[in-house]
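So the structure is just underneath, and the comments pick up after that.
Since every read-out is calculated from the coordinates, none of them should be taken as a lab result. Just so we're clear, the structure is a prediction, and the values are computed from it rather than from any experiment. Here the Cβ is made from the backbone with ideal geometry for all residues, glycine too, and neighbour counts use every protein chain on show.
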Amino acid sequence: MSQDKDKIVKGIVAEFETVDTLMDACRTVRDSGYKKTDAFTPFPVHGIDTALGIKPTILPWLCLFGGMAGTGTAIAMQWWMNGIDYKYIISGKPFVSFPAFMPVAFELTILFASFAAFFGMWALNKLPRYSNPMFTDPRFDRVTDDRFFLYIDATDEKYNFAEVEKLMGDAGSAYIQPVVEDDSPKQVPRFIFMVWMLVAGLSAIPLLAVLKMRLTRSELPRFHVFFDMDFSPAKDAQHATTLFADSRTMRDDVEGTIYRGQYSEEIVSGKKVAASATVDDLRFVSRFDDEALSAAGGDRDPGGLSDEAKVELDADKKDPDNKESDQKDSAGSDAGNAGSASPDSGDAGAQPPIPDDQWLSEIPLTVDRAFIEKGKEQFNIYCAVCHGRNGSGQGLVHERARKILSQWWVPPSSLHQKSLYRDKYPDGKMFGTITYGVRKMPGYAAQIKVQDRWAIVAYIRALQETRRGSLDDVPADLRADIESAKLEAEARLKEEAEKQKKKDNATEAQK
Amino acid sequence: MSEHAAPAIKPANDPAFKLPASLASLQLPLLAGGLLLLLVGFGLAYSNAAKIGFSAYLVSFIYCLTLSIGCLFFVIVQHLVRAGWSVVVRRIAELFMIMIVPLAVLFIPVLVATWMSNGLYIWTLDGWMTETVGVDPEIWKAKSGWLDPGWFTIRSLIYFAVYIGLAVFYYRGSTLQDETGQKSATEKLQYWAGPAAMLFALTTTFAAFDWVMSLAPMWFSTMFGVYMFAGAILAAHCVICLFSYLMQRCGAMRDEVTVEHYHDLGKLIFGFTFFWTYISFSQYLLIWYGNIPEETEWFWIRQTNGWGSLSVVIILFHWIVPFMGTLSRHVRRRPWAMAAWSGYLLVMHFIDVFWMIMPEAHQGITESITAVGVAGAILCGVGMLALMVGLVLSLAGNTKLLPVRDPRLGESLAFENI
């Protein structure tokens, strides 16, 4: 005590040998009205908070507000980013969709809450600080071992050294000492600054090296930081490679690859290739092959066309011999002849004619039940919206157009007119119509696969059969079903007609 | 608390461990009334439609089952982690866990319905897949081997065999120790806790798939077992908390169960409220994001025809309200408050089970659920719960209310949180 006289006294500490004496002392100190107290023990002691009268911490509140701030930040952030600032469709969801926001909100809630708890604990414990006056007494080190300490701060209202000393002595403490301020220097030692500066200096070296390399010339070859970005392992054809065990750069095709030209030209075009070739070689120019088209101009030698160019055929487009028609085509609709075709004519390739006998008259693929079912599925997806599911031309789009009295609507053809039956309208021609379109109908080559287009043709033929066939065409074992369905339908129609009649009568009677 | 000395371990025949007379006298009214309500409820719902009647019965069965298997898991887990704190409330869990035995008998009507055409499960209807839109017959062909009344019955028997085996093993081990006081009994229960937990997890997952998820036979969610388990374990903690409080109010275990135990139960209830939310949201999020018709079907049904408002009710009152309500330790350290929240959550759990099962009752029938059907389902649930509580009380009358000679009883009595 004597040697500490000139130092500032921060408080008083008393040492106890057992938990029980400490707890008793705590209660005495609490009951004597001391507020700024603290106890130190080698292990957690249950109930010491109440014994010392320490108020519950406000840390849970900090944690709660931290968590709420996290939720709010996450929601606001995502709402702003996804809903306002950078609208980007993800998985076809609305821009602001809360289920998608939840995981991030959850994570940020946890993150902010733990930050609040962690740093809140620091703040409440006045951390970080260089030292605590408690550590000035070497005997205090035993608090981590086998001794218990009770501390009363000098700023406590009731603090009076003599009184506290007596109180502690009565409570059973054999060692009572004032706690003096830690007067060890508060400056950060020089060498720490030195070390920091050294580290900073060393860490600048790589940067400086890079700078130097970028700014100076050198006769040495360039230094490659990312070697395989500068020298890509990608190779050209016929080169050897180290990437594969067999050293070949060129790999086999992935299983299931469809090669260009794998399907015969007839299947792809719907035309008798040999015959149409004799008519006009230029028809084989692909409509998508712009280079070939422009090079062809008006007088290109048709013999120079490559086989590939013949694969994607064009039925009724860009006849280079007919400049007038060419202009009209590019001005008008894609399918050509938009103006002149009468809506109900139903005759597809009315324009630069490919004679009907040039088209394949039959579907060049095997037609079985599965094939027609596939055609039905595709028809109902792509065709039925206009042509109607039964092919009558009364599809939803048509109904709608009629309802709003659209001026420019060209009604879709009924597929049941005689001019579209196979004898008048070969299968290949119908395939061509689906592929390239007709009048207002666009081509579906880009949407429907070749095989599926043929399947649609097969299904349309089946649809037509429903209106022209007779009962004899139906297998014997299914006829009964159809008969009964027919009777049922007739009965229903009759019933409905009677109802309508009654209704009409009633309205007339009212009049 | 060290403020006061821990209560001394009382002798095993102390009256504090006996079922209070006021509760014992409730046995008969609960048993009789429960059975009556169960029958009336079933009859009411049955008058709505036969399938709705069985669905209502399934709601009450699954509700009671989750309470029971939740308690079973609670007991297993206490042994698995060698928990000291929970000894004083463990017997209540054990009493509810052994209710799996009477529940096996109560399962018979569900089995009967399985053998009826569309009595409860739509897949029992011949040719149901041709009459339901969007069912791929190929997929159903692969599934139909599993969802077959005979194989379903065998599986149900296996599930009950496992549940009853586990429950009896742990119940007998604990009650025998009341007599012998042998430490080795605890060691044996602990030794088998690991395998028991795994067995329990598998059984619960498959039971949830069969008994509840197969109501929508083409729908699948691998999380469904966990989802049902989350509700079960939450409900189990609520039952333990509520029953401890009731016992104490009636005069038993007054010194043994302290505010510290309620605090711990409260923390677990709070945690499992969120666990339930976490699991159900995880299940929802993936399906919502994937947006594949065969997966969204289940939630779609629950968003339409008025079920949507029930879904919102569950989100608000099964998650947000109890989450905020039990967040504070001041609430958790008030036994009456935790008992109230437990009762509240048990009601919410019933609504959750109702929401899982009843929307599927429409499938394959022309009737829709009326107020009578809903009232029937509620009466069924109240009835079966009363029946189960009555059985618990009659069993509790013959045993001690806590494991009086458990080697960790002293630790549990002295337990404190801070």
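Which value in deg cm²/dmol, rounded to the nearest 500, describes the helix-derived mean residue ellipticity at 222 nm for the protein assembly as shown, given -39,500 (n - 2.57) per DSSP H run of n ≥ 4 and division by the residue count? It comes out at -18000 deg cm²/dmol, rounded to the nearest 500. With the convex hull drawn over the C-alpha atoms of segment B:336-418, the volume per residue is 165 Å³.
Its Cα gyration tensor gives segment B:1-59 an equivalent ellipsoid; the semi-axes, largest first and in whole Å, are 45, 16, 8. In order along segment B:251-263, the Karplus-derived 3J(HN,Hα) couplings, from 6.51 cos²θ - 1.76 cosθ + 1.60 at θ = phi - 60°, round to x, 9, 6, 4, 8, 7, 8, 10, 4, 5, 5, 5, 4 Hz, and Gly and Pro are given as x. Ignoring lysines fewer than eight residues from residue A:440 along the same chain, the ones with Cα atoms less than 16 angstrom from its Cα are A:317, A:328.
Under the convention that each Lys and Arg Cβ holds +1 and each Asp and Glu Cβ holds -1, the size of the dipole of chain B around its Cα centre is about 1120 debye.
The ranking of A:194, B:116 from fewest to most other beta carbons within 10 Å of each one's beta carbon is A:194, B:116.
Pull out a ≥ b ≥ c, the square roots of the eigenvalues of the alpha-carbon gyration tensor of segment B:18-159, then state rounded if a/c is under 1.5, prolate if not and a/b is larger than b/c, and oblate in the remaining case. Oblate is the answer for segment B:18-159, as a/c is 1.5 or above yet b/c matches or exceeds a/b. The share of Cα pairs per 5 Å bin across segment B:143-191, counted from zero up to the longest distance, runs 5, 19, 17, 14, 10, 9, 8, 8, 6, 3, 1 percent. With θ taken as phi - 60° and the Karplus curve 6.51 cos²θ - 1.76 cosθ + 1.60 applied, the whole-hertz 3J(HN,Hα) list for segment A:68-81 is 5, 4, x, 4, x, 4, 4, 5, 4, 4, 5, 4, 5, 5 Hz, x standing for glycine and proline.
Charges on Cβ only, +1 for Lys and Arg, -1 for Asp and Glu, centred on the Cα centroid of segment B:92-165; of B:144, B:125, B:97, which one is farthest towards the dipole's positive end? In segment B:92-165, that residue is B:97. When +1 charges are put on Lys and Arg Cβ atoms and -1 charges on Asp and Glu Cβ atoms, the dipole computed for the protein assembly as shown relative to its Cα centre reaches about 2280 debye. Taken as Cα centroids, segment B:128-182 and segment B:291-320 sit 27 Å apart, rounded to the nearest whole angstrom.
When the listed pairs A:271/A:376; A:374/A:424; A:424/A:486; A:271/A:449; A:376/A:449 are checked against a 20 Å cut-off, the alpha-carbon distance exceeds it for A:271/A:376; A:374/A:424; A:424/A:486. Please pull out the direction-averaged projected area of segment A:387-510, using the convex hull of its alpha-carbon atoms, in nm² to one decimal place. Average of the hull's projected areas for segment A:387-510 equals 11.6 nm². Ranking of B:128, B:115 by neighbouring Cβ atoms within 10 Å, starting from the fewest: B:115, B:128.
Maximal additional length on extending the residue A:122-residue A:18 stretch stands at 34.5 nm, based on 0.36 nm per residue less the C-alpha distance.
Panel order for A:382, B:163, A:259, A:130, by other beta carbons found within 10 Å of each beta carbon, from fewest to most: A:259, A:130, A:382, B:163. Close amide-amide hydrogen proximity is noted between residue A:359 and A:272, each under 5 Å apart and 5 or more residues distant or on a separate chain (H modeled in the peptide plane; Pro and chain starts excluded).
Rounded to the nearest whole Hz, the Karplus-based 3J(HN,Hα) values (6.51 cos²θ - 1.76 cosθ + 1.60, θ = phi - 60°) of segment A:436-442 follow the sequence 10, x, 8, 6, 7, 6, x, with x at glycine and proline. Values of log10 I(q)/I(0) for segment B:341-389 across q = 0.24, 0.25, 0.26, 0.27 Å⁻¹ run -0.99, -1.03, -1.08, -1.11, by the Debye formula with one identical scatterer at each alpha carbon and no solvent. With the gyration tensor restricted to C-alpha atoms of segment B:214-370, the semi-axes of the equivalent ellipsoid amount to 34, 16, 13 Å, longest first. Directionally averaged projected area (the protein assembly as shown, Cα convex hull): 67.6 nm².
Take the alpha-carbon positions of chain B, form their convex hull, and give its projected area averaged over all directions (one quarter of the hull surface) in nm². So the mean shadow area of the Cα hull is 19.7 nm². Along the axis of the charge dipole computed for the protein assembly as shown (Cβ charges of +1 for Lys and Arg, -1 for Asp and Glu, origin at the Cα centre), the listed residues B:304, B:154, A:361 are led at the positive end by B:304. Which of B:163, B:207, B:59 sits farthest toward the positive end of the charge dipole of chain B, with +1 on the Cβ of Lys and Arg and -1 on the Cβ of Asp and Glu? Most positive-ward Cα: B:163.
For the pair residue A:40 and residue A:90 in one chain, pulling the backbone fully straight at 0.36 nm per residue adds 12.3 nm over the alpha carbon distance.
With respect to the cross-link table entries B:18/B:188; A:10/B:267; B:188/B:400; A:158/B:267; A:7/A:158, which display a Cα-Cα separation exceeding 31 Å? Checking Cα-Cα distances, A:10/B:267; A:158/B:267 exceed 31 Å. Using the beta-carbon distance between residue A:250 and residue B:255 and R0 = 56 Å, what value does 1/(1 + (r/R0)^6) give for FRET efficiency, to the nearest 0.05? E between residue A:250 and residue B:255, to the nearest 0.05, is 0.05. Size descriptors for segment A:384-426, from the alpha-carbon set: Rg then Dmax equal 11.7, 37 Å. Distances between placed amide hydrogens fall under 5 Å for residue A:180 paired with A:10, all partners being 5 or more residues away or on another chain. Stretching residue A:129 away from residue A:506 to a fully extended chain increases their span by 125.9 nm, per 0.36 nm per residue minus the current alpha-carbon distance. Kindly identify segment A:1-123 as rounded, prolate or oblate by the Cα gyration tensor criterion: order the square roots of the eigenvalues as a ≥ b ≥ c, call it rounded if a/c is under 1.5, otherwise compare a/b with b/c, prolate if a/b is larger, else oblate. It comes out prolate by the Cα gyration axes. In a simple Cβ point-charge model (Lys, Arg +1; Asp, Glu -1; nothing else charged), segment B:188-301 has a dipole of about 320 debye relative to its Cα centre. If R0 equals 60 Å, the separation of the Cβ atoms of residue B:321 and residue A:181 corresponds to a calculated FRET efficiency of about 0.70.
Of the GluC sites (Glu not before Pro) found in segment A:104-185, those in coil by DSSP whose Cβ has at most 15 other Cβ atoms within 10 Å are A:157, A:181. Using the Cβ-Cβ distance between residue A:235 and residue A:204 with R0 set to 45 Å, the FRET efficiency from 1/(1 + (r/R0)^6) comes to roughly 0.65. Ellipsoid fit via the Cα gyration tensor, segment A:54-175: semi-axes of 53, 14, 12 Å, each the root of five times an eigenvalue, largest first. Label sites at residue B:47 and residue A:396, each approximated as a point 7 angstrom past Cα along Cα to Cβ, lie 4.4 nm apart. Classify segment B:161-263: rounded, prolate or oblate, from the alpha-carbon gyration tensor (a ≥ b ≥ c, eigenvalue square roots; a/c under 1.5 rounded; otherwise prolate if a/b is larger than b/c)? Cα axes put segment B:161-263 in the oblate bin.
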